[in-house]
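Inspection log for the structure reproduced underneath, given as structure tokens.
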Amino acid sequence: MGEVMSQNKETYILAIETSCDETAAAIIKDGREIISNVVASQIESHKRFGGVVPEIASRHHVEQMINVLEETFSKAGMTADEIDAFAVTEGPGLVGALLVGVSTAKALAFAHDKPLIGVHHIAGHIYANRLIEEFQFPLLALVVSGGHTELVLMQEHGQFEVIGETRDDAAGEAYDKVARSMGLPYPGGPEIDRLAKQGEDHLDFPRAWLEDESFDFSFSGLKSAVINTLHNAKQKGIELEKADVAASFQASVVDVLVEKTYRAAQENKVRHVIVAGGVAANSGLRQALEEKFSDQPIKLSIPPLSLCTDNAAMIGAAGMIDYQKGNFSDWAMNANPALDLEIYGNRQR
Amino acid sequence: MKKIKVASETETKRLAEKLAQALRPASVVTLTGDLGVGKTTFTKGFGQGLGVKRTINSPTFTIVKSYSAEIPLHHIDAYRLEDSDEDIGFDEYFTDQAITVVEWPQFIDLFLPEERLEILIERLEDDSRLITLNPIGSYYENVCEELIR
């Protein structure tokens, strides 16, 4: 007789994430508990270029993957034989970078004869919150990072509806570009956040609300407005207080993010709002959301900083849902840079 | 070399849409023009032509964004690769069964396929746009002939 899966058995998932510039692996118990979580960051080597460089990223992943895995197992005090399933970020991301993780996970799953689970990167960011707090549905996720700004509505586990997204730049990208035109070091987001606390929002930068009903975002106009203001001041020989530029820019981004999240939460009668992605580390955004939702019956969760940026623990948390549903990938699974969140949520594998 | 004058964003989109429908998988289109001239508008129209349902937004941060559709679309922004001269594995994208649009192609000049369609968008004095199509290779020349006809 084959192994019978009892309800009480603990499930250990080994997860791998290599979609961008972090080589990461983690072991997650029952989708909620971090047993070990290792992230090798490439941020130092990308500073030179002011951002991620794909081939450098891929090469680093290859160099670091085995070390990261060994550390993940040794920190957990576990071996691969004790793992029930292998989850990996299937997409979206840079194809060369994703491939390193996908190939590694495939090899591990094949060698140990255990299920392989392809996970959507953004689903992972959303599920980072479940490592801290159980989800309550309907749930609204504000996903904010360098590449994404989205509002995702969930009625149940593993099901996603994108109800708003940026039409041009992501919030994190606007932060990066504004920081660069202010002469701040990379990554610019934390620098602006730090400066904003010392400045005043008096430069009256625009807020892009778009159509009344829309939950979409637009940050490209704001970015241009800030750059023009800096440029004009320079031409007139006026010295703008950097802290004020940072405070005014941040206020504009945060206002729109918070207001749209709030409206979307009300309109969809959600019980739980969560924040995900690298920009969730922004203290201005965290504070404004906490204030806005403080007198609401809606629960607000923002994960700790270490779970906001790319990591594999979140992939293990999301992968647990697929594990429970029996949504396993086959050996033909490939890195899928165009993987769609809604399709990922609906697919039966 | 073909020059087309378009009067509005809608016309830019329509042209891009028609072009996308005329191209076959593994085609590569480069897009050059100043900030705010309509490169994003063009790419959005191009995506519509391919049947992309998702919102096409900036790939600057991630360098590449890919969209599923009948013929998938890779949208590359090479802006941040100015100081890099490595082959960053672009062949994976260019030879894929997808169509690739490249912004800031000058930064990855060495790695672009020899045959491609170069598009330049310029702002004219009356705020209309002049779109110049520069097909390199007989396949792209035929596509442009068909498009203009």
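Look at (1) in a helix (DSSP H, G or I); (2) surrounded by 22 or more Cβ atoms within 10 Å (Cβ to Cβ); (3) in contact with a His (Cβ under 9 Å, 6 or more places away or on another chain) and you find that residue A:339 fails only one, number (1). I'd like the residue in segment B:122-139 that is in contact (Cβ under 8 Å) with a residue 60 or more places away in the chain and polar (S, T, N, Q) and, out of all such residues, is most open to solvent (accessible area, probe 1.4 Å). Applying the filter and picking the extreme gives B:134. Taking the stated definitions as given, is residue B:142 open to solvent by 10 Å² or more (accessible area, probe 1.4 Å) and touching a strand residue (DSSP E or B) at 6+ places or on another chain (Cβ under 6 Å)? When the stated conditions are applied, residue B:142 does not pass them. Among the residues of segment A:246-286, those identified as under 19 Å from residue A:135 (Cα atoms), hydrophobic (A, V, I, L, M, F, W, C) and either in a helix (DSSP H, G or I) or more than 19 Å from the chain's Cα centre (by Cα) (or both) are A:264, A:265, A:270, A:280.
In segment A:210-225, the qualifying residues are those that are assigned to a loop (DSSP other than H, G, I, E, B) and touching a Lys or Arg at 6+ places or on another chain (Cβ under 8 Å), and the one that is most open to solvent (accessible area, probe 1.4 Å) is A:210. Here the condition is being crowded, with 19+ Cβ neighbours inside 10 Å and assigned to a loop (DSSP other than H, G, I, E, B); of A:237, A:199, A:183, it holds for A:199 alone. Within segment B:34-53, is even one residue among the aliphatic types (A, V, I, L, M), more than 13 Å from every other protein chain (Cβ to nearest Cβ) and within 18 Å of residue B:143 (Cβ to Cβ)? Scanning segment B:34-53 turns up no residue that is among the aliphatic types (A, V, I, L, M), more than 13 Å from every other protein chain (Cβ to nearest Cβ) and within 18 Å of residue B:143 (Cβ to Cβ). Strands (runs of 3 or more DSSP E) fully within segment A:116-176 that include at least 1 residues being more than 13 Å from residue A:92 (Cβ to Cβ) and open to solvent by 10 Å² or more (accessible area, probe 1.4 Å): A:161-165.
The values are calculated or read from the model by the stated rules, or taken from the named source; none is laboratory data. The model shown is predicted, which means the values in this text are computed figures rather than measured ones. We place every Cβ from the backbone using ideal geometry, glycine too, and count neighbours over all the protein chains shown. These accessible areas exclude ligands, DNA and RNA; they are computed on the full protein's heavy atoms, side chains included. Shrake-Rupley method; radii C 1.70, N 1.55, O 1.52, S 1.80 Å.
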